[in-house]
1. Assess whether LEU305 counts as being among the hydrophobic types (A, V, I, L, M, F, W, C) and over 23 Å from the mean Cα position of the chain (by Cα).
2. Going by what's in this entry, would PRO213 be described as surrounded by fewer than 17 Cβ atoms within 10 Å (Cβ to Cβ) and either of a type in the set (D, E, K, R) or modelled with pLDDT of 90 or more (or both)?
3. If I ask for residues that are among the charged types (D, E, K, R), surrounded by fewer than 20 Cβ atoms within 10 Å (Cβ to Cβ) and closer than 22 Å to PRO4 by Cα, which ones from segment 16-67 would you list?
4. For segment 290-327, how many residues are among the charged types (D, E, K, R), touching a Leu at 6+ places or on another chain (Cβ under 8 Å) and over 17 Å from ALA409 (Cβ atoms)?
5. What pairs can you find where one residue is in segment 308-335 and over 27 Å from LEU271 (Cα atoms), the other is assigned to a strand (DSSP E or B), and their Cβ atoms are less than 8 Å apart, with a gap of 6+ or different chains?
6. When you scan segment 85-117, how many residues do you find that are hydrophobic (A, V, I, L, M, F, W, C), at pLDDT below 90 and closer than 14 Å to LEU26 by Cβ?
7. Within segment 276-298, track down each residue that is more than 17 Å from ALA222 (Cα to Cα) and aliphatic (A, V, I, L, M).
8. So which residues in segment 71-86 are in a helix (DSSP H, G or I) and under 27 Å from the mean Cα position of the chain (by Cα), if there are any at all?
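The values are calculated or read from the model by the stated rules, or taken from the named source; none is laboratory data. These numbers were taken from a predicted model, which means no experiment stands behind them. Reconstructed Cβ throughout: ideal geometry from the backbone, glycine too, with neighbour counts over all protein chains shown.
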Amino acid sequence: MEKPYRPRLVESLLDELLMALPAVLLVGPRASGKTTTALRRAGTALRLDLPAVAAAVDNHPDAVLAEGDPPVLIDEWQVVPSVLGAVKRSVDTTAGNGRFLLTGSSQADLQAQGWPATGRIVRVPVWPMNVRERLGFVDRRSIVDRCFNADLDGLRMPTKPLDVRDYVDLALDGGFPDLVGRHSERARRAWMAAYIEQVVRRDAPFAGHERDPQRLRSYLTALAANTAEVVAHKTLYDAAGVSRMTALAYDNLLELLFVTERIPAFSSNRLRRLTRTPKRYVVEPGLLGPLWRVDARSVVRDGRLVGALLDTFVVAQLRAEIAVAEASSSMFHLRQVDGRHEVDLVLEGPGGGVVGIEIKAHASPTPAMARHLMWLRDQMGDRFVAGVVFHTGPRAFRLAEQIWALPIASLWA
């Protein structure tokens, strides 16, 4: 029986780009749903994970691409990187939009200087499903756009209020489409554990990194223990028992595979003494269960774990929203060197407008919990658009001028 397809946030953007541009590349973590979404639009599909197809494309890329009905889907392009050159040649010599649709689970060659498809292929990230996608609310307005329009009054909330255990369960369930709504907790945990093994034993060597899988796993575990933290690099590589140079290579590798992400520090000439250290995240919060070796009950009993998991979970929701929002924005964190002021997330959008976000594992936020957002508002002046304190309680209300307290569920409700 064919699996039911769950619509993705990225679909309307993808269709718009295919109408206007010759080639679009979907990038993102393994098993995030890139191929399934792309196949629904493809006139021809070239699955490069099949050896015979990969060999044909490697030997005669221009001829194979020319034979296909558009859009020609080139799935897992990184298996035969030279195919990008053939796409470039075709785009340069033949007119027409919506001709090529590519997918990839590694961005190693995308970051290389002189990447052959620069200016010819537009990249679109496809992240694991956020809760809005899991619930089928893809046609609703993005919370990111509402933030940049300061349109946060009167948000609809779920009929049944969620509590902290509900949010922990949602986070640990994960957003990989293969898992959504179909597996027991034991099966889900086994799938997640197998995913981690795939990353450290197969994906890493395929990406050109012949690394010791045990040491790579130890480093990933150290990163998971510090997700949503601004942490000294030495803390991580000492915990993993690897050298600084090895840790740098692992950082780059895990980001190339979309497993981890470093969110850069915010900077502004209106603010002083800001740290430049990035904030580190595991991209998919569901992976934290096997990496931490905990279940939902254990997380709820540990305040530190609850905070780290909810922060990672909210960032995962926003990451998918930012990719498709009409308001083009980038995500940062903010922290002063002395720790006097710290804001979990800062979104910088059109015209330099700023949205500040705090994430609290608390059901009854108070104005005191928004003091860093108030400071940011006062420092940024007319650049400050809105501040949000996401919390685990049921109510949405204003905390101060330009600052709202919103349940985490407002991200999808």
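1. On the way: among the hydrophobic types (A, V, I, L, M, F, W, C): yes; over 23 Å from the mean Cα position of the chain (by Cα): no.
Considered against the rule, which asks whether it is among the hydrophobic types (A, V, I, L, M, F, W, C) and over 23 Å from the mean Cα position of the chain (by Cα), LEU305 comes out as no.
2. Values: surrounded by fewer than 17 Cβ atoms within 10 Å (Cβ to Cβ): yes; either of a type in the set (D, E, K, R) or modelled with pLDDT of 90 or more (or both): yes.
So PRO213 passes the test.
3. Step one: of segment 16-67, the residues among the charged types (D, E, K, R) are 16, 30, 34, 40-41, 47, 49, 58, 62, 67.
Narrowing further to those that are surrounded by fewer than 20 Cβ atoms within 10 Å (Cβ to Cβ): 16, 30, 40-41, 47, 49, 58, 62, 67.
Selection gives ARG30, ARG40, ARG41, ARG47.
4. First, the residues of segment 290-327 that are among the charged types (D, E, K, R): 293, 295, 297, 301-302, 304, 311, 319, 321, 326.
From what's left, touching a Leu at 6+ places or on another chain (Cβ under 8 Å): 295, 321.
Filter once more, keeping what is over 17 Å from ALA409 (Cβ atoms): 295.
Counting residues in segment 290-327 that are among the charged types (D, E, K, R), touching a Leu at 6+ places or on another chain (Cβ under 8 Å) and over 17 Å from ALA409 (Cβ atoms) gives 1.
5. Note: pairs meeting the criteria are LEU310/ILE359; ALA323/VAL124; ALA323/PRO125.
6. Just the residues of segment 85-117 that are hydrophobic (A, V, I, L, M, F, W, C), to begin with: 86-87, 91, 95, 100-102, 108, 110, 112, 115, 117.
Of the ones still in play, those that are also at pLDDT below 90 are 95, 108, 110, 112, 115, 117.
From the residues that got through so far, the ones that are closer than 14 Å to LEU26 by Cβ too are 110, 117.
Of the residues in segment 85-117, 2 are hydrophobic (A, V, I, L, M, F, W, C), at pLDDT below 90 and closer than 14 Å to LEU26 by Cβ.
7. Within segment 276-298, ALA296 is the sole residue that qualifies.
8. Matches in segment 71-86: TRP77, GLN78, VAL79, VAL83, LEU84.
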